[in-house]
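Okay, structure first, notes after.
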Amino acid sequence: MKGLNIRQTEYEAVIGLEVHAGLAVNTKMYCGCKTEFGAEPNTQCCPVCTGMPGALPVLNRKAVEYAIKAGLATNCSIIRYSRQDRKHYFYPDLPKGYQASQHNLPLCTGGFLEIEVNMSAKKVGIRGIHIEEDAGKLIHDESGKYSLVDYNRSGVPLIEIVTAPDLGSSEEVRAFILKLKTILEYTGVCDCKMQEGSLRVDINLSVRRRGESTFGNRTEIKNLNSVRAIVRAVEYEAKRQAEELEKGRSVRQETRRWDDARGVSYPMREKKGADDYRFFPDPDLCPIVIDDAWLNEIKSSLPELPDEKKKRFVLEYKLPAYDADFITGSKQLSDYFEEAAKRCRNHRAVCNWLMGDISKKLNESNIEVSDIPVSPENLAKLVELTDSGIISWKIAKQVFVVMWDTNRDPAEIIEEKGLRVINDTEEIRKVIIQVLEENPKAVEDIRNGKEKTIGFLIGQVMRKTGGKASPGIVNRLIFEELERLFHE
Ligand SMILES: [Zn+2]
């Protein structure tokens, strides 16, 4: 869709999100079936999660704990008495004909997360977090004649995090998702592997004239599972709705699907209201009561969260705020940083390696932080070797490449390849004399005042020593030797 850029129009987007996060628990919400991803179809199910008549559910305590952890980490109040409701709809991947969810009394309410976009901070409200079970999965045959159903996912524990409509742009949506993802990873509530569907996002979006307080008709785009797709879908849909209004038409309240390959959203069905689901309390499930002891136990199990850690990294390791933000943006990266930083004195250097060469390598080879082939111990050694002047910065980069391929001790690599800095004055002087002899034209130019040529000669010396000559010594000696030549 070309033409209209919503930022340049009188319209603004109003966006709320519903985020489904698969809980990192080993068993399903109401039975003991495994939740492992990628198993053979229908090998992780039983009468409970396939909705057989007479099978009764038992709530997974750990799932409730994880949901509460997510609530505490997002500044929510924890509701001490909540219940589970049946949400009815008909679909072949939903064997019971309803999904066990929470409607009026979710576990957590009234939270918020702070995001930062273009240097300005914004609070995004979280209306609630509730637990629910996932549905199975339909696999449509390519012929279009039939579909198969896999119930491995049926009954897998989820939380749904519902935000207030506080987001106004794709940048804000992106910042929010990344922040939430980091928090869920830190708390261990969800592994956040979006490519495996453990974090899926629905976007509720409407547009209205700037300054208006009533909401326009909204659409819901379902089941987005990459940050890139979410950003593109938000931009597309805001533009589409603004164009409809511009043309004097109204926006239809509907559920839409995002086609990432074509970069468009298209209507799926008319949007259901709460009444359509005929919610009622599940008579097979008891209310969930959380007492002080349990809540305190969960509170004390919460780890340090990204915002706190960022502040600590600035204070303790003297990292610039931007760098601390980058490093603490991933739990694994911040753990790696601390492992290396406690073994050497130059913490900034560790941070620079992580933000520079290591990040570059990770992007190139598309591997996770947990699979960095250089151990934190060896990175710390490399930093110490560079700082103490045993190798130059330039050589350190070469050593790093070997470490990446082998994870060997950098000291060993340096000895084996003879990469130590040459501090021997006489050895360096010999090379300089040789270079001066070989480049009479350059020497002549310098004598005639073209001082820039000295840089060329230094380069020749470094080349002859394989970059190992101590730059300080080379600088001093080259002037000495030139002086001597000129006074001969
Ligand atoms: Zn089961």
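The values are calculated or read from the model by the stated rules, or taken from the named source; none is laboratory data. These numbers come from a predicted model, not from an experiment. Here the Cβ is made from the backbone with ideal geometry for all residues, glycine too, and neighbour counts use every protein chain on show. Heads up: the accessible areas ignore ligands, DNA and RNA and are worked out on the full protein's heavy atoms, side chains in. Shrake-Rupley method; radii C 1.70, N 1.55, O 1.52, S 1.80 Å.
The smallest convex shape that holds all Cα atoms of the chain, its convex hull, gives 231 Å³ per residue. If the reach is capped at under 13 angstrom between alpha carbons, list the aspartates and glutamates near K239, excluding any in the same chain fewer than eight residues apart. By straight Cα distance, K239 reaches E10, E12. Counting only protein heavy atoms and using a 1.4 Å probe, the accessible area of E438 comes to about 100 Å². Computed from backbone phi with θ = phi - 60° and the Karplus coefficients 6.51, -1.76 and 1.60, the 3J(HN,Hα) list for segment 86-101 is 8, 10, 8, 7, 9, 7, x, 8, 10, x, 7, x, 8, 10, 7, 9 Hz; x is used for glycine and proline. Helix 170-187 sits at what angle to the longest principal axis of the chain, using alpha carbons and giving 0 to 90 degrees rounded to 10? Taking the Cα atoms of the chain, the angle to 170-187 is about 90 degrees.
Here's how it looks for V149: its modeled amide H is under 5 Å from those of I139, which are all 5 or more places away or on a different chain. Under the simplified labelling scheme, the R348-E415 pair shows an inter-label distance of 3.2 nm, with each label point 7 Å from Cα along Cα→Cβ.
The equivalent ellipsoid that matches the C-alpha gyration tensor of segment 425-486 spans semi-axes of 18, 11, 10 angstrom, in descending order. Compute the acute angle (0 to 90°) between the alpha-carbon long axis of helix 393-406 and the principal axis of greatest extent of the alpha-carbon atoms of the chain; round to the nearest 10°. Orientation of helix 393-406: about 50 degrees from the principal axis. Short to long, the 5 Å bins of the Cα pair-distance histogram for segment 296-337 hold 5, 26, 30, 18, 10, 8, 3 percent of all pairs.
Counting only cysteine Cβ atoms and a cutoff under 4.7 Å, the chain contains unmatched residues C31, C33, C45, C46, C49, C190, C192, C286, C344, C351.
Overall, the chain carries a charge dipole of about 1040 debye about its Cα centre when +1 sits on the Cβ of Lys and Arg and -1 on the Cβ of Asp and Glu, all other atoms neutral.
Both radii are taken from the alpha-carbon atoms of segment 117-274; with Rh as the Kirkwood radius, Rg/Rh is 0.98. A simple count of charges around R257, restricted to other residues whose Cβ falls under 12 Å of its Cβ and scoring Lys, Arg +1 and Asp, Glu -1, yields -2. Sequence-ordered 3J(HN,Hα) estimates for segment 256-265 from the Karplus curve with 6.51, -1.76 and 1.60 and θ = phi - 60° stand at 10, 10, 9, 9, 5, 5, 8, x, 9, 10 Hz, glycine and proline given as x.
Here the Karplus curve 6.51 cos²θ - 1.76 cosθ + 1.60, taken at θ = phi - 60°, turns the phi angles of segment 224-234 into couplings of 8, 10, 8, 4, 5, 5, 4, 4, 5, 5, 4 Hz, with x standing for Gly and Pro. Computed log10 I(q)/I(0) for segment 304-417 at 0.22 Å⁻¹: -1.25, from the Debye equation with unit scatterers placed on every C-alpha and solvent omitted. Pairs of lysine residues in segment 378-479 that meet both criteria, 8 or more places apart or on different chains and Cα atoms under 18 Å apart, total 14.
Surface analysis of segment 86-224 yields an accessible area of 44 Å² per residue, using protein heavy atoms and a 1.4 Å probe. Taking each DSSP H run with n ≥ 4 as -39500 (n - 2.57) and averaging over every residue of the chain yields -12000 deg cm²/dmol at 222 nm. In this entry, segment 1-95 is assigned a mean projected area of 11.3 nm², taken as a quarter of its C-alpha convex hull surface. Label-to-label distance for L148 and E377 is 4.7 nm, based on points extended 7 Å past Cα in the beta-carbon direction. Segment 419-481 and segment 58-110 have Cα centres lying 73 Å from one another.
Overall shape of segment 6-297 was characterised from the C-alpha gyration tensor. The equivalent ellipsoid obtained from it has semi-axes of 32, 24, 18 Å, in decreasing order.
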